[in-house]
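Below is one structure, written out as structure tokens; the observations come after it.
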Amino acid sequence: MSEQLDSPVASPAEPRSRWRIGLLDGIRLGLLVAGGLCVATGLLPRADAAANMRRIGPLLLFLGSVIVLAELSRQARVFDVIAHRLAIIGRGHYPVLFLLCVLFAATTTTVLNLDTTAVLLTPVMLALAVPARIPPLPLAMTTLWLANTASLLLPVSNLTNLLAADRVGLDGAGFAHAMWLPQVASIGVTMLCLWLWYWRRGRRGADRYLPPEPVRPANGRERALLSLTAGACVLFIAAIPIVGDRIGIAATVAALIAVVAFACLDRSALRWSLIPWRLLVFVVGLFLVVPTLGRLGLSHLMHDLIGTDPGTAGAFRAAASGAGLANIANNLPAYTAGEAVIPAANHTQLLALLIGTNVGSVLTPWASLATLLCLEFCRTHGVRVPMRRFLLSGAMLAVLATGAATAALLW
């Protein structure tokens, strides 16, 4: 088996290639075309298609806005400042740096979105490895794993969470109340696996690292951009427990603040390629194709796998089925296919499915878009990912973290 993953995902860190159509982009566009054909041929009734589009409309607004906000924050070096400051606080001690990196990645995933962690935090952490003389693989795997396993707490943390919160009728506070213990369990197991497989002395190969110099804006314009975009992020985070299901509007307002700041201070950074069209096309296509597959037999298969037991056995079956299908296909279609067959009253079983698709999608490279993006950044930065260790450690994490988080849900 190859020791180096060569993913076809276009790197968001390379603006000149943003509009190049690669293999994965072709698949996304093909998925959208296939979805359109499903509606045109009647395989998916127009009423069902329209209902799905109305359901995901606010989600697309949120997703597009939060990625624009995060990308402009990256250009303003908000994440660079934080990452370098954490490494300085660690004072060369790896255990301290490990805890700080876990906190940083988990917080970014929880309050901004797992794709934000993948797209923006991964290259920042890999860039930090050079001046601090830190082995890059532990940093990369920390962002890769926590982008998935720390995405349980808030509806905004993952697109699947927004769908689940809408399905079970929970606002942000109610969702967090239901999922805080599974989130703690999932992160705890992730930390254990990270230390065992990537961070301990025998894996990282050094006793200490070199604290880097802090990142400082070069002039007043850069200081203003840093302050304004950081302020927009803080406002968005503060709005999360207040705005409820209008999170897309809050993300849009925060993104507009950042856009206005750049329009006044650095207009060259504002490009149409800031809009994450690849991700939006992927989501729209999925929500046309997956319901069609459900009508053609996928729903019967998922029903047989998940069952309708509202108790403990049903919850673990749903979690295991969600994790399994996510690693075979992808976590988003795995969740939507499972959601379609779980009875509306089985809230615990639905949340267990959510745990399986979010936390369990760490075994195969294609199990989540966040994983694909993180691995692509590793490739473009020349970081070798030993695939045998990736698969073995991912299998261990998927089983233990999914089981622990589901048990915590049932506590």
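In region 364-378, which residue that is of a type in the set (S, T, N, Q) and within 9 Å of ALA118 (Cβ to Cβ) is surrounded by the most Cβ atoms within 10 Å (Cβ to Cβ)? Give the derivation first.
Applying the first criterion (of a type in the set (S, T, N, Q)) to region 364-378 yields 364, 368, 371.
Add one more test, that the residue is within 9 Å of ALA118 (Cβ to Cβ), and what stays is 368, 371.
Values: SER368: 30, THR371: 26.
Applying the filter and picking the extreme gives SER368.
So for region 277-291 (the condition being over 23 Å from the mean Cα position of the chain (by Cα) and among the charged types (D, E, K, R)), does at least one residue qualify?
no
From the set of residues in region 400-411 that are part of a helix (DSSP H, G or I) and more than 19 Å from the chain's Cα centre (by Cα), which is nearest to TRP195 (Cα to Cα)?
Taking region 400-411 first, the residues part of a helix (DSSP H, G or I) are 400-410.
Imposing the further condition that a residue be more than 19 Å from the chain's Cα centre (by Cα) reduces the set to 400, 403-404, 406-410.
Numbers: LEU400: 15, GLY403: 19, ALA404: 18, THR406: 22, ALA407: 23, ALA408: 22, LEU409: 25, LEU410: 27 Å.
Checking each candidate, the answer is LEU400.
Can you tell me which residues in region 266-277 are out of contact with any Lys or Arg (no Cβ under 6 Å at 6 or more places or on another chain) and either touching a residue at least 40 places away in the same chain (Cβ under 8 Å) or not charged (D, E, K, R) (or both)?
Narrowing region 266-277 to residues out of contact with any Lys or Arg (no Cβ under 6 Å at 6 or more places or on another chain): 266-272, 274-277.
Listed by number, the residues that qualify are ASP266, SER268, ALA269, LEU270, ARG271, TRP272, LEU274, ILE275, PRO276, TRP277.
Have a look at GLY30, GLY26, GLY57 and point out the one that is within 30 Å of ALA261 (Cα to Cα), assigned to a helix (DSSP H, G or I), modelled with pLDDT under 90 and of a type in the set (Gly, Ala, Ser). Please lay out each step first, then the result.
On the way: GLY30 fails: within 30 Å of ALA261 (Cα to Cα); GLY26 fails: within 30 Å of ALA261 (Cα to Cα).
Selected residue: GLY57, the only one of GLY30, GLY26, GLY57 that is within 30 Å of ALA261 (Cα to Cα), assigned to a helix (DSSP H, G or I), modelled with pLDDT under 90 and of a type in the set (Gly, Ala, Ser).
Please work out if VAL102 is in a helix (DSSP H, G or I) and without any contact (Cβ under 8 Å) to a residue 12 or more places away in the chain.
On the way: in a helix (DSSP H, G or I): yes; without any contact (Cβ under 8 Å) to a residue 12 or more places away in the chain: no.
No; evaluated as a whole, the condition is false for this residue.
Tally up the residues in region 186-237 that are of a type in the set (A, V, I, L, M), in a helix (DSSP H, G or I), within 24 Å of ALA263 (Cβ to Cβ) and touching a residue at least 40 places away in the same chain (Cβ under 8 Å), please. Break it down stepwise before answering.
Applying the first criterion (of a type in the set (A, V, I, L, M)) to region 186-237 yields 187, 189, 191-192, 194, 196, 206, 210, 215, 218, 224-226, 228, 230, 232, 234-235, 237.
From what's left, in a helix (DSSP H, G or I): 187, 189, 191-192, 194, 196, 224-226, 228, 230, 232, 234-235, 237.
Next cut, within 24 Å of ALA263 (Cβ to Cβ) only: 224-226, 228, 230, 232, 234-235, 237.
Next, from what is left, pick out any that are touching a residue at least 40 places away in the same chain (Cβ under 8 Å): 224-226, 228, 230, 232, 237.
Summing the residues that are of a type in the set (A, V, I, L, M), in a helix (DSSP H, G or I), within 24 Å of ALA263 (Cβ to Cβ) and touching a residue at least 40 places away in the same chain (Cβ under 8 Å) in region 186-237 gives 7.
Do you know which residues across region 101-119 are in contact with a Ser or Thr (Cβ under 9 Å, 6 or more places away or on another chain) and over 20 Å from LEU162 (Cβ atoms)?
Selection gives CYS101, VAL102, PHE104, ALA105.
Which one of these is aliphatic (A, V, I, L, M) and without any contact (Cβ under 8 Å) to a residue 24 or more places away in the chain: ALA263, ALA320?
On the way: ALA320 fails: without any contact (Cβ under 8 Å) to a residue 24 or more places away in the chain.
Of ALA263, ALA320, the one residue that is aliphatic (A, V, I, L, M) and without any contact (Cβ under 8 Å) to a residue 24 or more places away in the chain is ALA263.
Tell me the residue from THR371, THR364 that is among the hydroxyl-bearing types (Ser, Thr, Tyr), closer than 19 Å to MET141 by Cβ and assigned to a loop (DSSP other than H, G, I, E, B), please. Don't jump to the end; show me each part of the working.
Working: THR371 fails: assigned to a loop (DSSP other than H, G, I, E, B).
From the options THR371, THR364, the qualifying one is THR364.
Please specify each residue of region 286-311 satisfying the condition of being surrounded by fewer than 20 Cβ atoms within 10 Å (Cβ to Cβ) and either in contact (Cβ under 8 Å) with a residue 60 or more places away in the chain or of a type in the set (Asp, Glu) (or both).
If the condition is that a residue be surrounded by fewer than 20 Cβ atoms within 10 Å (Cβ to Cβ) and either in contact (Cβ under 8 Å) with a residue 60 or more places away in the chain or of a type in the set (Asp, Glu) (or both), then ARG295, LEU296, ASP304, ASP309 are the ones that fit.
Only one of LEU112, LEU69 is crowded, with 24+ Cβ neighbours inside 10 Å, modelled with pLDDT under 85 and within 19 Å of the chain's Cα centre (by Cα). Can you tell me which?
Values: LEU69 fails: modelled with pLDDT under 85.
Answer to the selection: LEU112.
I need the full set of residues from region 81-96 which are of a type outside the set (A, V, I, L, M, F, W, C), surrounded by fewer than 18 Cβ atoms within 10 Å (Cβ to Cβ) and not in a loop (DSSP other than H, G, I, E, B), in order please. Break it down into steps so the answer makes sense when it comes.
Of region 81-96, the ones of a type outside the set (A, V, I, L, M, F, W, C) are 84-85, 90-95.
Then drop every residue that is not surrounded by fewer than 18 Cβ atoms within 10 Å (Cβ to Cβ), which leaves 85, 91-93, 95.
Of everything in region 81-96, those that are of a type outside the set (A, V, I, L, M, F, W, C), surrounded by fewer than 18 Cβ atoms within 10 Å (Cβ to Cβ) and not in a loop (DSSP other than H, G, I, E, B) turn out to be ARG85, HIS93, PRO95.
The values are calculated or read from the model by the stated rules, or taken from the named source; none is laboratory data. Since the structure is predicted, the reported quantities are computational estimates derived from the model, not experimental observations. Positions of Cβ are backbone-derived with ideal geometry, glycine not excepted, and every protein chain shown enters the neighbour counts.
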